[in-house]
Amino acid sequence: PADDDTDAEGVVRAPGKVGLRYVLEGVEVAGNPTTLTRVVLRYVPFHAGDTLDVDDPALELTRFRLLGTGFFRAVELSLKKGSRRGTAILVVHVRERNTIVVNDLWLGLSSDAEPNGAARPLTAFGGLDISENNLAGTGITVGGAVALADRQLALRARFADPQFLGTSWTVETQLLYNHARDFFGNRDVLVDDPQQPAQDFAVALYERFGGLVGVGHDIGTSTRLFVDYRLERIDASLPLAASHKRGLDIEPIDFHLARNGSTLSDLRATLVHDTRDDPFLTTRGTYFTLVSDLAPAILGSDYPFFKLQTRLASWFELPKQHVIKLELTGGAIVGRAPLFERFYVGDFTDLLPDRVLDLNFDRRPPPNFFSNAIGEVRYGDYAAKVSAEYRIPLYRGQRAIYGVDLFGSVGLYGVAGLLDLTHPARGYDGLRKVPIDFTFNLGIRASTALGGVTVGISTLVGFIPFRESPQ
């Protein structure tokens, strides 16, 4: 620029700035015996001929983005002299890590029901999600997942190429299959189904088979946009009719599934902004997502709905490497979304098992510390949660285990259907009509060569009966 000054060494100095600016002569990559250089450069926004300010925040964000791929244990950016004055070469030095990663390992206990509707006190569930995130150093991801419980099964297979046909576009595909069941009914359950004579709960059985295809593209150093199309076939076996007691009234049960065969046809857009310094044991940065689903009848969907979800999490490093995380999540649905797309209360309280690959293992209502209408809610059209987490480092290493932290979290959440807002359950007065509750967790997190591990006590605490209902 005309108002810049050049010193005797040919280095460009920007007026009013402390930092120096160089003209990039090129970008070099070091320390990548497996990962192809073009894959590393895919995440570097600087090119030969650019003017680089040494204080540019994009340098640090580039390092975080490379760490976030999961390909590397460490990333360092440095400058070395170019062939002439005022020029420099950006050196990206990486230290590779094992990229065959266990993304999730689920092991837990839940309470469910027999096929005839009779309650069972304790059952086990488990699952595994594993992937090769950098196939032959190309950055391609191939992976699969399985989840199992009594009379439930979920399978996933996925493929993603972040440089499809050598372009800057990401292409992804996924196949899914679910053989699932879910449990409905608060109290005084009545079921018109000869297969469910016990009638402690109304049981819905359904199968899903389908897949998605999608594309994605960077819209900044730390921001990406994905657009997916999903098509599924759903076959549901439901009771002819069922009712339960909601508050003081007997009401019909809505299973949120079409009887027999139906189709879900859905367009999804996902915006991700990620400035975390580490994808698992994060110490600073922000992670923001905005996800919208549109499934109109014109696309052939038997479930016309619009769904919007958002999540915002920020990490702050404190003295002695302690970390605090603040998080806000929320969402809303307009229309008739299928059961597995609605907000499940167990996904917001730590005291019930989350859904795993969209399978729901638990029949219990949420704990009810505030003795309010949250005890009547299982699925909702609206949900929100605010939480805080505190982490204390216990161990740092360089080999199989990179770090172990102790964590504790607390939060408030709410889940409600449209009916819970327009016609609150009778038997609750004042603020007790509002379906919100308290949640917490305590445990350890470990970052390892095979992925991240979290072990918490919350779901065990959840077996303590907290619920109170109107008489």
Express in nm, to one decimal, how much length is gained between Gln195 and Ala157 on full extension, taking 0.36 nm for each residue of separation and deducting their alpha carbon distance.
10.3 nm
With the Cα gyration tensor of segment 397-471 in hand, convert its eigenvalues to equivalent ellipsoid semi-axes via √(5λ) and list them largest first in whole Å.
39, 13, 9
Lysine pairs in the chain with Cα distance under 20 Å, only those 8 or more apart or on different chains: how many are there?
4
With charges set only on the Cβ (+1 for Lys and Arg, -1 for Asp and Glu), what does the dipole of segment 300-430 come to about its Cα centre, in debye to the nearest 20?
320 debye
Mean separation of Cα contacts under 8 Å (6+ apart) over length of segment 282-351, as relative contact order %
29 percent
Formal net charge of residues neighbouring Val404 (Cβ-Cβ distance under 9 Å; K, R +1; D, E -1)
+1
Along the principal axes of its C-alpha atoms, what lengths does segment 364-408 span, in descending order and rounded to whole Å?
48, 21, 20
If you wrap a convex hull around the Cα atoms of the chain, how much volume per residue is inside, in Å³?
175 Å³
Could you tell me the accessible area of Leu394 in Å² (1.4 Å probe, neighbours in place), rounded to the nearest ten?
110 Å²
For a quick check of understanding: with a 1.4 angstrom probe and all protein chains in place, what accessible area in square angstrom does Val453 have, to the nearest ten?
70 Å²
Mind pulling the per residue volume of the convex hull built on the Cα atoms of segment 9-121? Å³ is fine.
177 Å³
In the neighbourhood of Tyr382 defined by beta carbon distances under 13 Å, the net charge of the other residues (Lys, Arg +1; Asp, Glu -1) is +1
Bins of 10 Å, starting at 0 and running to the largest distance - Cα pair percent for segment 195-244
18, 26, 19, 18, 14, 4
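Would you work out what percent of the accessible area of the chain, with all protein chains in place, is carbon or sulfur (probe 1.4 Å)? Mind showing how you got there, number by number?
On the way: 13480 of 21870 Å².
Whole-percent figure for carbon plus sulfur exposure: 62.
Counting only heavy atoms of protein chains, what accessible area per residue, in Å², does the chain have with a probe of 1.4 Å? Intermediate values should be presented prior to the final figure.
Values: 21870 Å² over 471 residues.
Counting only protein heavy atoms, the per-residue value for the chain is 46 Å².
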Answer check: segment 32-84, Cα atoms, Kirkwood Rh, Rg/Rh ratio of 0.97
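How would you rank 241-249, 321-329, highest first, on the average number of other Cβ atoms within 10 Å across their residues? Don't skip to the end; give the middle numbers.
On the way: 241-249: 18.1, 321-329: 15.7.
Highest-to-lowest ranking by the protection proxy: 241-249, 321-329.
How high is the relative contact order of the chain? Use alpha-carbon pairs under 8 Å, at least six apart in sequence, and give a whole percent. All intermediate terms of the calculation are to be shown ahead of the outcome.
Values: 1266 pairs, mean separation 50.1, N = 471.
Dividing the mean separation by the residue count of the chain yields 11 percent.
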Summing +1 for each Lys or Arg and -1 for each Asp or Glu, what net charge is found among the other residues whose Cβ lies under 13 Å from the Cβ of Thr141?
-2
Quick one: the Cα spread of segment 297-454 along its three principal axes, in angstroms, biggest first?
54, 43, 28
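The values are calculated or read from the model by the stated rules, or taken from the named source; none is laboratory data. Only a predicted model underlies this, so the values are computations on that prediction, with no experimental measurement involved. Cβ coordinates were reconstructed from backbone atoms using ideal geometry, including for glycine residues, and neighbour counts include every protein chain displayed. Ligands, DNA and RNA are excluded from the accessible area calculation, which covers all protein heavy atoms including side chains. Shrake-Rupley method; radii C 1.70, N 1.55, O 1.52, S 1.80 Å.
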